[in-house]
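Below is one structure, written out as structure tokens; the observations come after it.
Every number here is computed from the coordinates shown, using simple stated rules; none is lab data. Since the structure is predicted, the reported quantities are computational estimates derived from the model, not experimental observations.
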Amino acid sequence: MPTRTSKQLVSEANALVETIAPEDAAKLVGNPEVQFVDIREPGEVAKSGLVAGAVHVPRGLLEFQVDPESPTHNVKLAAGSRLVLYCGSGARSALAAKSLKEMGVENVAHVPGGFAALKDAGASIAPE
């Protein structure tokens with residue numbers, strides 16, 4: 001039996017990482033200094049598309065694709081860009097942002113409310 005719940009872990013992560021309101025994040029779409037990262041599962045992205053210009057990296061691969069020493073490193077996630085993570089609801093992206101902070105990635109934030117909140121805020125959406 002776990003001693004902490006997933007809800008507690010997400011709450012702790014939210015206290016440690018930067019959050020960007022969906023309305024503010026939607027205004028950053030297309031900014032060349034910002035890289036949106038969709039960490040949802042492939043089926044979720046196939047069903048609804050993703051934020052225009054976002055790179056899709058499923059949650060289970062994120063740390064490997066951020067790590068420049070990993071053979072699966074994704075250059076779109078290189079140091080220097082501001083990474084804005086989102087998922088379906090904001091829970092996975094909070095945990096992922098915390099993990100990246102623990103790896104030493106300083107310029108990372110996440111969007112509470114996830115993809116639906118970004119879409120509702122007017123973010124440009126592209127097909128998969």
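Whole-percent P(r), the chain, all Cα pairs, 10 Å bins from 0: 14, 48, 33, 6, 0.
So in the chain, what percent of DSSP beta bridges are antiparallel if you round to the nearest 5? Could the numbers behind the result be given before it?
Details: 2 of 14 bridges.
Bridges in the chain are about 15 percent antiparallel.
Using the rule -39500 (n - 2.57) for each DSSP H run of four or more residues, divided by the residues of the chain, the 222 nm mean residue ellipticity is -10500 deg cm²/dmol. Close Lys pairs in the chain, defined as Cα atoms under 24 Å apart and 8 or more places apart or on different chains, number 13.
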